[in-house]
Amino acid sequence: MVSILLPLTALNLSAFVIFALSSFSTYRELLGRAPTENTGKLLKIAAALLLTASLWLCVASKSWGLGLLLWFGNMTMTALLVALLLTLRDELKRKKPKRR
Amino acid sequence: MKESFFRTMTWLHTWTGLLVCWLLMLIFFAGTLSYYRYEINLWMKPELHTNVLQQYQDLDLAQTLVQGQTYLADTAPGAKTWMLRLPTHRLPFVGYAWMDAPKEGERRGKFHEHIVTTEGEMISDVRATKGGHFFYRLHFDLHYLPVPLARYLVGFATMFMLLAIITGIVIHKRIFKDFFALRLKKGPRSWLDSHTLSSVLALPYHLMITYTGLITLMFMYMPSAMEATYDGNRKALQKEITPVSTPAKPSGTPGELVSLSTILPSVLEQAEGKPIRDIRIQNPLDANSQIQVVLRNDSRVADHEYQLLYQGTSGEFIGKVGDSPSSMGKAYDTMIGLHAGRFAEPTLRFALFLSGVLGCVMIASGTLLWSKKLRQKQQKQIDQGARPSLGLYITESLNLGVIAGLPIAAASYLWANRLLSADYAGRYDAEINLFFTGLGVTLLLAFLGRINWRGALLTGGLMWLGIPVLNALTSSENLITNIVKGQWFIAWIDLLALMVGGLMLLAASYCKRKIDNKVGNKHKTKVQDAPTTNSVKAAESAQAIKEHV
């Protein structure tokens, strides 16, 4: 199980980071400029491809049952991590101006 | 048409959710803790903390089995069934157990178990506790209620939950746009964010757990098919799905049981590499005894048992059970297996646990969102001195009492386990009563307005943080020694307690002081009205999104 956990997490994590970036406001917050419409679309496609790859990885190395379960479970955890990190970043940014 | 459909779904989502949310919260909370029911079990029996944990692959099988057979013949010659339990990933120790013949009016006889230490000594004196099984039973049998009534209540709540999830998907239009947005300290907006985030992120889990939850008790909720085909005889149905061996009937003449070491080579050959979970011997000292070897199937989701059967006195191989389950049986077993997660190894188990926590967050944030919105509507009148409406009073008190009360109750249960004397006769029930006392007191204080969120979360947080300390004081091991010895199975509960306690303190620090009294609320509204740089930014980006769309 552990052997595919690392590549799986890496794939899903990058997929969700890209997915988060494909949202207009997150892109502008993180990279400082607005994405073009095409960039947004491309990022979404890239994220979807990465998720497909991770699904393939799961199913190929486990049975369909366990593979799907692992895929869904890992997506929940990685997406949660990305969401919490973005929230944490907002929180830290909010605290700074107060100190000045 | 479209607008009215959307409205109907919103209405349905709100009311199906709100009506059962506090019961659902209890069910979800208990279910989530049940993922660690064996860890909680072991934690609550400190007599078993030293030199007990073992691994299957390090075991001398033949010696363990022979020792067990001799021990049970000396200790429980009159038992109906003997059980030699070998270490698994859920029960990592060796136990010699037996079941008495059922007394009149009982379905099963009394179960006893003595645990074998790594040095081969026996531990027979363990404190009486329901341990983690309490949360497991609470999850679908509740407590103090007749079992059928409780299960109907749970089924009712589950059906509503399924409705709420489906309508929730329908009404959440911006399911991908808001995927990672959790904006804190923005009143109802923040609660909506955490509600959607916890629902969407674990959506596959929520759907799976709700649906399979209904399936586990489907014969009770929808009995007509079974009534029609099998005259309501559940056993006949089960026999057709999974042909289980008919239990051997005692002949009445004594007989000598074959030594388990002689059948071991045949068992290992038939098992084809699957580890043995336990060996059960029916009517052990009778001429018609039977040996059932239960094998583990760790690599599959389905909760399905394989058994090898041997004649007890001759040691002759009778056959395999559960070798080729029917497709219906497989489907059912898979759903039950998915729901209970018995197959899950630690990482997957933790993921399931966190998904359960997300479920609790989903329910809690949903009902909090509702009460915040209601309060907002009434805020003007409340500011002018009016009392909050009855509905608002009830939801707010129930929210505080249940959401903060459940972790407080669970902590009281664990504290009671160590503070009640190990010899106290009524301790088994007293522990459980103290769980409900914790919940009841929090609810009562919430309704009387004697406790606020900050106070309740602070109390709960400190109680959970105290659990590793309590364990260190009352067990032969503590968090550090458990980790050093690699006894993660026991250390895990302490670690979990630290996490829960830490999160509750964090939540308490977010609650402003005196949030429930009027002055506090006025103050809060003022703070919210003042535009912070961040809210301006958020408004800007919202505007930008609109333009973008």
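Taking into account only those residues within the stretch A:75-89 that are more than 7 Å from chain B (Cβ to nearest Cβ) and open to solvent by 20 Å² or more (accessible area, probe 1.4 Å), which is nearest to B:Tyr205 (Cα to Cα)?
Among those that are more than 7 Å from chain B (Cβ to nearest Cβ) and open to solvent by 20 Å² or more (accessible area, probe 1.4 Å), it is A:Met75.
Let's see how each residue does on (1) open to solvent by 20 Å² or more (accessible area, probe 1.4 Å); (2) in the same structural domain as B:Phe29 (by TED's automatic domain parsing); (3) within 23 Å of B:Val20 (Cβ to Cβ); (4) not in a helix (DSSP H, G or I):
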{"position": "B:Tyr332", "(1), (2), (3), (4)": "yes, no, no, no"}
{"position": "B:Leu358", "(1), (2), (3), (4)": "no, yes, yes, no"}
{"position": "B:Val361", "(1), (2), (3), (4)": "yes, yes, yes, no"}
{"position": "B:Ser365", "(1), (2), (3), (4)": "no, yes, yes, no"}
{"position": "B:Leu368", "(1), (2), (3), (4)": "no, yes, yes, no"}
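Restricting attention to the stretch B:480-491, which residues are surrounded by fewer than 20 Cβ atoms within 10 Å (Cβ to Cβ) and closer than 26 Å to B:Thr459 by Cα? Matches in the stretch B:480-491: B:Ile480 only. Of the candidates A:Lys93, A:Lys44, the single residue that is within 9 Å of another protein chain (Cβ to nearest Cβ), more than 17 Å from the chain's Cα centre (by Cα) and either open to solvent by 50 Å² or more (accessible area, probe 1.4 Å) or at positive phi (or both) is A:Lys93. Scanning the stretch B:78-104 for residues that are without any contact (Cβ under 8 Å) to a residue 40 or more places away in the chain and open to solvent by less than 10 Å² (accessible area, probe 1.4 Å) yields B:Pro87, B:Gly95, B:Tyr96, B:Ala97. For the residues B:Ser355, B:Ser371, B:Ser327, B:Ser289, the requirement of being touching a residue at least 60 places away in the same chain (Cβ under 8 Å) and of a type in the set (Gly, Ala, Ser) singles out B:Ser355. Only one of the numbered conditions (1) surrounded by 17 or more Cβ atoms within 10 Å (Cβ to Cβ); (2) closer than 29 Å to B:Gly341 by Cβ; (3) more than 9 Å from chain B (Cβ to nearest Cβ); (4) not polar (S, T, N, Q) is violated by A:Leu70, and that is (3). Mind listing just one residue for me: the one in the stretch B:320-330 that is open to solvent by 30 Å² or more (accessible area, probe 1.4 Å) and not in a helix (DSSP H, G or I) and, of those, farthest from the other protein chains (Cβ to nearest Cβ)? The residue in question is B:Lys320. Annotation: B:Arg342 fulfils all but one of (1) in a helix (DSSP H, G or I); (2) in contact (Cβ under 8 Å) with a residue 40 or more places away in the chain; the unmet one is (1).
Please verify whether B:Met208 is at pLDDT 80 or above, open to solvent by 40 Å² or more (accessible area, probe 1.4 Å), among the aliphatic types (A, V, I, L, M) and under 20 Å from B:Lys330 (Cα atoms), treating the condition exactly as stated.
no
Here B:Ala164 meets the list (1) in the same structural domain as B:Ser194 (by TED's automatic domain parsing); (2) outside any helix (DSSP H, G or I) almost entirely, failing just condition (2).
Among residues belonging to the stretch B:105-140 that are β-branched (Val, Ile, Thr) and farther than 19 Å from B:Leu420 by Cα, point out the one that is most open to solvent (accessible area, probe 1.4 Å).
Checked the stretch B:105-140; the qualifying residue most open to solvent (accessible area, probe 1.4 Å) is B:Thr118.
Of A:Leu21, A:Leu51, A:Leu31, which residue is within 23 Å of B:Leu184 (Cβ to Cβ), more than 8 Å from chain B (Cβ to nearest Cβ) and open to solvent by less than 40 Å² (accessible area, probe 1.4 Å)? Testing whether each residue is within 23 Å of B:Leu184 (Cβ to Cβ), more than 8 Å from chain B (Cβ to nearest Cβ) and open to solvent by less than 40 Å² (accessible area, probe 1.4 Å) leaves just A:Leu21. Taking the stated definitions as given, is B:Ala228 aliphatic (A, V, I, L, M), out of contact with any Phe, Trp or Tyr (no Cβ under 9 Å at 6 or more places or on another chain) and either within 20 Å of B:Lys330 (Cβ to Cβ) or in a helix (DSSP H, G or I) (or both)? Yes: the conditions hold for B:Ala228.
Only one of the listed residues (A:Asn38, A:Asn12) is more than 8 Å from every other protein chain (Cβ to nearest Cβ) and exposed (fewer than 15 other Cβ atoms within 10 Å of the Cβ). That residue is A:Asn38.
Is it true that B:Leu48 is crowded, with 21+ Cβ neighbours inside 10 Å and under 30 Å from B:Gln290 (Cα atoms)? No: the conditions fail for B:Leu48.
Scanning the stretch B:388-435 for residues that are charged (D, E, K, R) and open to solvent by 20 Å² or more (accessible area, probe 1.4 Å) yields B:Glu396, B:Asp423, B:Asp429.
Taking the condition closer than 24 Å to B:Phe111 by Cβ, of a type outside the set (Lys, Arg) and modelled with pLDDT of 80 or more, does B:Val294 pass?
Yes; evaluated as a whole, the condition is true for this residue.
Let me confirm something: among B:Glu272, B:Glu345, B:Glu316, B:Glu305, which residue is away from chain A (no Cβ under 14 Å) and either over 25 Å from B:Tyr56 (Cα atoms) or open to solvent by less than 60 Å² (accessible area, probe 1.4 Å) (or both)? Going through B:Glu272, B:Glu345, B:Glu316, B:Glu305 in turn, the sole match is B:Glu316.
The values are calculated or read from the model by the stated rules, or taken from the named source; none is laboratory data. Since the model is a prediction, treat every value here as computed from it, not as a measurement. FYI the Cβ positions are ideal-geometry reconstructions off the backbone, even for glycines, and counts take in every protein chain you see. Heads up: the accessible areas ignore ligands, DNA and RNA and are worked out on the full protein's heavy atoms, side chains in. Shrake-Rupley method; radii C 1.70, N 1.55, O 1.52, S 1.80 Å.
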